[in-house]
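J.: The structure is given below, and queries will be raised subsequently.
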Amino acid sequence: MADFFMGHYAYWFTIILLCIGLYGILFKKNLIKKTIGLAILQISVVLFFVSVASKSGDVTVPVRDQANFPVEIAANYLNPLPHTLMLTAIVVGVATLGVAFTLLIAIYNRYNTLDEQELIEQFDD
Amino acid sequence: MIFAVELVIWQLELVIYLFLALSAIVALEVRDLLVAVVMMTVFSFLMALLFIAMGAIDVGFTEAVIGAGVTGILFVVVVYQTSRKSKD
Amino acid sequence: MIESHLPATIALIFVLFSVLIPAFGIWRSELSQPLAVLGSGLAAAFSIIGFIQYLSDGALRYYFGGWEPPVGIEFVYDGLSGFFIMVINTVAFFVFIHSHHTAKQEFPGKEMPYYALGILMLLGFNGMVLTGDLFNLYVFLEIASLSGYALIAIGDRQAPYAAFRYLIIGTAGGTLYLLGVGYLYTVTGTLNIIDMSAMLPMLYESNAVFAALILMIVGIGVKAALFPMHGWLPDSYTYTSSSSAALIAPIGTKVAAYILFRIMLWLFGIELTDAMAPVTLFVGILAAIGILYGSVMAIAQNELKRMLAYSSVSQIGYIIMGLSLANPWGFAGALLHVLNHAVMKAALFMISGQLRLREGHSDISRFDDSYRKKYPWTMAAFTVAAISMIGLPPLAGFFSKWYLVLGTIDNSNWIFLAVILISSLLNAVYFFRILEKVYMMNPAKGQKSVSDGDRNEAPASMMIPTLILSGSLIVIGFANAVIVGILLGIAPF
Amino acid sequence: MKDPFQSPIVLLGARLLSPYIMVFGWYVIFHGHYSPGGGFQGGALLAASLLLIRVAGGSRLAELQIREFATTPLAVIGVAIYFATGLAAVAAGGYFLDYELLPIPGMEPAWLRYTGILIIEVGIGLAVMAILVMIYDNMVRGEDYG
Amino acid sequence: MKALKILILLFFAGIMIFAASDLPNRGDQENLMHAEESITGTVVKGTYFIQNAYRDARTPNMVTVVLGDYRSIDTFGEQVVIYTAGLITLLILRKGRRRMTP
Amino acid sequence: MNLEFVPLLAILVSLAAVLPIMLSDRKPNLREFWTILAALIKFGLVLTLLPGAIQGNSVELHLVDLAPGLPLALKADPLGVFFAVIASGLWIFTSFYSIGYVRGAGEHKQTRYFASFAVCLSATIGIAFSANLITFILFYEMLTVATYPLVIHNEKEEAINAGRKYLAFTLTAGLLLVSASALVYHYTGTLDFTPGGLFSGVEIPDTEMLIIFILFLAAVGVKAGIMPIHGWLPAAMAAPTPVSALLHAVAVVKSGVFAVLRVVGYVFGTDVMGSYGLNDILIVLAGATIILASLIAFNQDNLKRRLAYSTVGHLSYIVLGVALITPIGITGGIMHIAAHATMKITLFFCAGAIYVNLHRTEISQLDGIARVMPWTMGAFVIGSMGLAGIPPINGFFSKWNLALGALEGDMILPVIILVVSGLLNVGYLFPIIYRAYFKKGEGLEKYGEASPLMVVPIVITAALSILFGLFPNLFFNFYDLAVDISSSLFINQVP
């Protein structure tokens, strides 16, 4: 049981953060808040990948250090692949946020508000 | 460049997790959007810290520079360009 | 050595042109459209060549950087991806030709970024279809989505808000997909689709694998506008500019459908998909609800573009339903419907663009007899496309429904059969309503009557693609035996 | 937002800090092979150094630094560097982005790969810098037509 | 509407908890993603990268090698994503020559 | 001479005529010249197939695969040729009559009218020559769409509603046909029309068989006007009279009964029909339709609507004949296709002539018109007698065969139905004649006979009714043809 907890607690926290992000997306009326929720959601997924990349025992970061940690034994190093993927994912996330900001400004310029309720009221007219 | 062995320090991670959740909730719940944005930046920095604690130095660095730095600036710009108040 | 650069070439052409268009566009904005046409035309030509090559030599695989698959990333040009690539690029080629005047009218001075983003969106779609790596797929998914949001945001009225809603829900979907990929990677240790599909059967009944499947279906279902996740689609297609609508509507949802095909039939395989819960049946039910919902909502609309948008919700349901049937006929019907619907929707949205160019609106309640006199060819093309949508032979739309019907019968799934039939009737209702107005209804009093001399057809650059697309519906109808023969060869059953 | 923080101290601080951040950015790009870093991080740092001046000094000062219309070409150049590197390998008869076949004489394959990675990192760095600045500029100065 | 949203949230939370309960222990060296060889006998990416990154590209930082070489098309795509974002701001926020007709 | 392409050409002739018709929009004479030319060529082409058909040969043409294993194929078998001869022959008369009618009535959009008409005929011939169900569906739907502009021709509210009703019925029918065909394909793997049926050697559970049959029945029954689903037919009388005459007396509704024949004889096969007891359903429905339609016809004051309900009833004669599944019964049914076509077209022509000439549509307004329009009313009498089954007219002959067929199958109920309905026919048609001849009309002084373009076709079709009644084998050997066809349907039957 303790083993299961030690092995899984990172996942539970990731889930909590993911749910906070989803909550922001679903329940917040302000569009900037929604965007913040989106950012939290994205970073939480990054966290999931990074946390599964870790290895137990005598490991080091994925930078070659032949003297102390011979690369032939893969167990010496953290798995570099999820890290790489997440570099990409972070940049993608920033690009998405950039687009979201662009749209936010465009919406504000047209309707002078970023509140969902007020926007919908304006559409009805 | 030698990093500490036994990279999974769960006590540290746990503390950062708690602060992460806290900052995320504050960022979503606070009414002043500028504060929300600042909390978002804090969230990113904590996340970067966590990544580095987990041994993902590259990801942590990137998150710090791009996630916290650039996104933070852009967030601030958006808040200044639009409105600072939020109803929820 | 390398057999063929084809799979990469198709995608890289788009990269080249996405660089060339801004490079030239900065000083000569009017060069953007010809360049976009050239780029998509080249890509279409290469994809057709590739398909011919596929038919003779089998699947083509391309290893980027020279690294073989489990290590590196590969592009796979097999039957399924080849078919989708051909459809996407060919339709996009015609849409780009068509968009010259609408672009000038609807967002003057912004041609350069518009066409660059159009090309980038196609790059994303092509990459998604071609790639053999799940994470690479996510990257291309984001390229396509981001440019898609932007293309939707340039439009009138609520377009930015519609785009923003799409962005939120679409990015959340993409993130869920990524989480699913994460689960799969954690369990299998690979990201390559072919590699992973060999491992997954050994992990039968793993919760994580099942959850990954669900997350991926939900995430991609958002992009495909599968029934409960369709909310973004009608607003987006309604308020965006005509040229964007014509570009996104025919191909956007199809590519998402492709990913569902790839995931459910290739990556997981039909046994594993249904191992823990009847996922295919569930997806099929959603698709069926979507078909009926889309059709009913389409009847209630008074705006041509909005009606077409709801009809898209319904038509994507056919494709997903064909997938969920998981038998050769359903598969062939679904893929044939991908082709048909891409061509039909492109033609219909292009026609709505022509009407907006000339009339300034596409409000169905204002249609009348004078349209037939003013735009005889446009209306002829509309009639052909509409009749094909309804599914009357010998037009293409009939045959995809025919195969879907055969598929439902093979599975003895009478409810789906009834859904297909009922929705065809509903389609007939909303299209004949327009045809009736266009051909029968005399103009309202007070308007000057239109004589034959007032013919005001859209420019040739718009008319010719529209006519070619609607004409090709007849050709597809008669040639569908050949197409379906090939499609049945692709089917993984 | 054109001149948001019109304070001499902020401006001074920004102007002092900016060159160091920029140098650090280039360092991160070129040192990515040995330590954490690479094109994206370096590019973002370069952008940060430029944005700092823009935030602190307003648009007039920023014009002296990197002009608004120069960002698009820079971005295009950045993407083009990456793309051309890939095409060079194709031209030499290999797969796209197969650095082993880059036409640089007198290098063994592993070092060619090293060089190839370096080249693309520079491309990425340029593009990221230009684009982040471009996003900022458009957000601050751009206007929607509506 | 609110109830529906809560349902959605619960659904996703449930799915993720369901999945996480069956994920292998974090950091377990026996994990397939860290193994020497996969269950079908193919190369495992992560392990291959650790062992061969320096040999292939003379670069100690494995992440850089994976990013720049093994998965270079990913990185290229990433660059294109950022490029797309830049063009999007051009398209949406830059003023057009004329105002659009309403 | 190689006849292979004749069926295709026969279909394409009228389709090809659409283009010149559209182009000569401004020149009515030229436009109608094209129509008549196409009609004549088509009739000639169909006639060349007749000798072969009489010898029992069929001509097959395989065009393209519409779907794997499902070709777009044409087959001019005796039944198809029989139907095609009737449809294309009567088109000639209708063309002349149409010219008189549309000009007399000053109809608008005449070009659309003639073009749609040509497409309809094309589709009808296509239905006649279809070699399999998928080709059949193709032309069936084509007919549906092409008829629509004709139904709503006058574009009044009533006509548009009728058009919607028509579309709702026929499109649903088309979909049911598609699903029924798909079921057949699922079970048998083929859709080719084969005399004796497709189901030999295939075991299908009773319920499935019943479902397939009911789907088919609903699909083809709509166009054949079987009772609960006949609603579109009276509504469609809003169309111009030549349309009612040709399409709602010959082309469309006869396509429906032709489809019944195809389905019963060539898809299910007579033995399957009998062994699953499916024909009983058909007999009951057809019998009920005959009686009910005749009764409803009594209440109609509008001449065309009365004729429409009469059509509904007479179509069910044919269905009844087919449902008897005895050789003589089917012969009678086939003969009634021809008989009813000539008679009903005569009656509709008369109704149209009265409308164009006198602008009268209600029966109560017809007092004394026989004085004014002697030829027209004479033809009307002949047609009415034929429908009632009075001997020298061809209607008698087919009814006689139907009755014989019923007796051959040891069924007495159909005979009773036939007799009763004959009386009812007399009951609703002869009052019209009585009014026309024996009541005194008002305000008729300024009118004369209708234009020769209309009267001549009327007289010819009336004459044809009598001629075929006296000599069933005159000209085209119709009787022999019908006998051959019906006997060919029983080849599988174990004696």
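The values are calculated or read from the model by the stated rules, or taken from the named source; none is laboratory data. The structure presented is a predicted model; accordingly, all values stated were derived computationally and were not measured. All Cβ positions, even for glycine, are placed from backbone atoms using ideal geometry, and neighbour counts span all protein chains on display. Just the protein is used for accessible areas: all its heavy atoms, side chains included, with ligands, DNA and RNA removed. Shrake-Rupley method; radii C 1.70, N 1.55, O 1.52, S 1.80 Å.
J.: Would you say residue F:180 is in contact with a Phe, Trp or Tyr (Cβ under 6 Å, 6 or more places away or on another chain), closer than 25 Å to residue F:228 by Cα and either open to solvent by less than 10 Å² (accessible area, probe 1.4 Å) or within 7 Å of chain C (Cβ to nearest Cβ) (or both)?
T.: yes
J.: Of all residues in segment F:221-262, which are open to solvent by 10 Å² or more (accessible area, probe 1.4 Å) and part of a helix (DSSP H, G or I)?
T.: Correct list: F:227, F:228, F:229, F:235, F:237, F:238.
J.: Within segment F:424-452, can you find the residues that are over 12 Å from residue F:384 (Cβ atoms), touching a Ser or Thr at 6+ places or on another chain (Cβ under 9 Å) and aliphatic (A, V, I, L, M)?
T.: Correct list: F:424, F:450.
J.: Can you name every residue in segment A:1-15 that is in contact with a Phe, Trp or Tyr (Cβ under 8 Å, 6 or more places away or on another chain) and either more than 27 Å from residue A:75 (Cα to Cα) or among the charged types (D, E, K, R) (or both)?
T.: Across segment A:1-15, there are no qualifying residues.
J.: Could you run through segment B:59-68 and say how many residues are modelled with pLDDT under 85 and open to solvent by 20 Å² or more (accessible area, probe 1.4 Å)?
T.: The total comes to 0.
J.: Only one of C:170, C:221, C:231, C:189 is at pLDDT below 90, closer than 30 Å to residue E:24 by Cα and of a type outside the set (Val, Ile, Thr); which?
T.: Of the residues listed, the single one that is at pLDDT below 90, closer than 30 Å to residue E:24 by Cα and of a type outside the set (Val, Ile, Thr) is C:189.
J.: Let me ask you something else. Considering only segment C:402-434, state which residues are within 8 Å of another protein chain (Cβ to nearest Cβ) and either open to solvent by 10 Å² or more (accessible area, probe 1.4 Å) or hydrophobic (A, V, I, L, M, F, W, C) (or both).
T.: If the condition is that a residue be within 8 Å of another protein chain (Cβ to nearest Cβ) and either open to solvent by 10 Å² or more (accessible area, probe 1.4 Å) or hydrophobic (A, V, I, L, M, F, W, C) (or both), then C:402, C:405, C:406, C:409, C:410, C:417, C:421, C:425, C:428, C:432 are the ones that fit.
J.: Looking only at residues that are within 9 Å of chain C (Cβ to nearest Cβ) and crowded, with 24+ Cβ neighbours inside 10 Å in segment F:150-166, which one is nearest to residue F:235 (Cα to Cα)?
T.: Only one residue tops the list, namely F:163.
J.: Let me ask something additional. Can you name every residue in segment F:78-88 that is open to solvent by 10 Å² or more (accessible area, probe 1.4 Å) and farther than 11 Å from residue F:338 by Cα?
T.: Scanning segment F:78-88 gives a single hit, F:78.
J.: State yes or no: is residue C:51 among the aromatic types (Phe, Trp, Tyr), in contact (Cβ under 8 Å) with a residue 12 or more places away in the chain and not in a helix (DSSP H, G or I)?
T.: When the stated conditions are applied, residue C:51 does not pass them.
J.: Let me ask something else about it. Quickly run through segment A:1-48 and pick out the residues that are among the polar types (S, T, N, Q) and farther than 22 Å from residue A:111 by Cα.
T.: Hits for segment A:1-48 are A:14, A:42, A:44.
J.: Search segment C:129-168 for residues being more than 19 Å from residue A:87 (Cβ to Cβ) and among the β-branched types (Val, Ile, Thr), and hand back the single one that is farthest from the other protein chains (Cβ to nearest Cβ).
T.: C:129
J.: May I pose another question? Every residue in segment F:136-159 that is under 26 Å from residue F:74 (Cβ atoms) and touching a Pro at 6+ places or on another chain (Cβ under 8 Å), please.
T.: F:137, F:138, F:141, F:142, F:150
J.: Shifting gears a bit: For the condition at the interface with another protein chain (Cβ under 7 Å from one of its Cβ atoms), modelled with pLDDT of 90 or more and buried (at least 19 other Cβ atoms within 10 Å of the Cβ), what is the one hit in B:36, B:56, B:48?
T.: B:36
J.: Output the residue which, of all residues in segment C:6-32 that are among the β-branched types (Val, Ile, Thr) and without any contact (Cβ under 8 Å) to a residue 60 or more places away in the chain, is surrounded by the most Cβ atoms within 10 Å (Cβ to Cβ).
T.: Only one residue tops the list, namely C:13.
J.: For segment B:73-86, how many residues are over 18 Å from residue B:29 (Cα atoms), more than 7 Å from chain A (Cβ to nearest Cβ) and open to solvent by 10 Å² or more (accessible area, probe 1.4 Å)?
T.: The number of residues fulfilling the criteria is 2.
J.: Of a type in the set (S, T, N, Q) and crowded, with 20+ Cβ neighbours inside 10 Å - does that describe any residue in segment F:442-455?
T.: no
J.: Go through A:67, A:106, A:75 for me and flag whichever is at pLDDT below 90, open to solvent by 10 Å² or more (accessible area, probe 1.4 Å), among the small types (Gly, Ala, Ser) and assigned to a helix (DSSP H, G or I).
T.: Only one candidate passes the filter, namely A:75.
J.: Kindly list the number of the only condition in (1) surrounded by fewer than 24 Cβ atoms within 10 Å (Cβ to Cβ); (2) more than 14 Å from chain D (Cβ to nearest Cβ) that fails for residue C:47.
T.: Single failed check for residue C:47: (1).
J.: Let me ask something else. Only one of (1) away from chain E (no Cβ under 11 Å); (2) outside any helix (DSSP H, G or I); (3) open to solvent by less than 50 Å² (accessible area, probe 1.4 Å); (4) closer than 30 Å to residue A:65 by Cβ fails for residue D:104. Which number is that?
T.: Going through (1) away from chain E (no Cβ under 11 Å); (2) outside any helix (DSSP H, G or I); (3) open to solvent by less than 50 Å² (accessible area, probe 1.4 Å); (4) closer than 30 Å to residue A:65 by Cβ one by one, residue D:104 breaks only (3).
J.: Tell me whether segment D:110-120 contains one or more residues that are modelled with pLDDT under 85 and in contact with a helix residue (DSSP H, G or I) (Cβ under 7 Å, 6 or more places away or on another chain).
T.: Yes, because at least one residue in segment D:110-120 is modelled with pLDDT under 85 and in contact with a helix residue (DSSP H, G or I) (Cβ under 7 Å, 6 or more places away or on another chain).
J.: Please note which helices (runs of 4 or more DSSP H) are completely contained in chain E and include at least 1 residues that are within 7 Å of another protein chain (Cβ to nearest Cβ) and among the hydroxyl-bearing types (Ser, Thr, Tyr).
T.: Per the criteria, E:45-57, E:62-65, E:72-93.
J.: Scan D:75, D:48, D:14, D:80 and give me the residue that is within 23 Å of residue D:140 (Cα to Cα) and open to solvent by 20 Å² or more (accessible area, probe 1.4 Å).
T.: D:48
J.: Within 18 Å of the chain's Cα centre (by Cα), more than 23 Å from residue C:195 (Cβ to Cβ), polar (S, T, N, Q) and crowded, with 24+ Cβ neighbours inside 10 Å: is that true of residue C:81 in this structure?
T.: No, not satisfied.
J.: Would you mind finding the one in F:281, F:325, F:290 that is surrounded by fewer than 24 Cβ atoms within 10 Å (Cβ to Cβ) and either over 25 Å from residue F:123 (Cα atoms) or not β-branched (Val, Ile, Thr) (or both)?
T.: F:281
J.: State which residue is farthest from the other protein chains (Cβ to nearest Cβ) when the search covers only segment A:53-64 and only residues that are among the small types (Gly, Ala, Ser) and buried (at least 16 other Cβ atoms within 10 Å of the Cβ).
T.: A:53
J.: I'm told residue A:18 meets every condition in (1) open to solvent by 10 Å² or more (accessible area, probe 1.4 Å); (2) of a type in the set (A, V, I, L, M, F, W, C); (3) more than 19 Å from residue E:46 (Cα to Cα) except one. Can you identify the failing condition by its number?
T.: Going through the list (1) open to solvent by 10 Å² or more (accessible area, probe 1.4 Å); (2) of a type in the set (A, V, I, L, M, F, W, C); (3) more than 19 Å from residue E:46 (Cα to Cα), residue A:18 breaks only (1).
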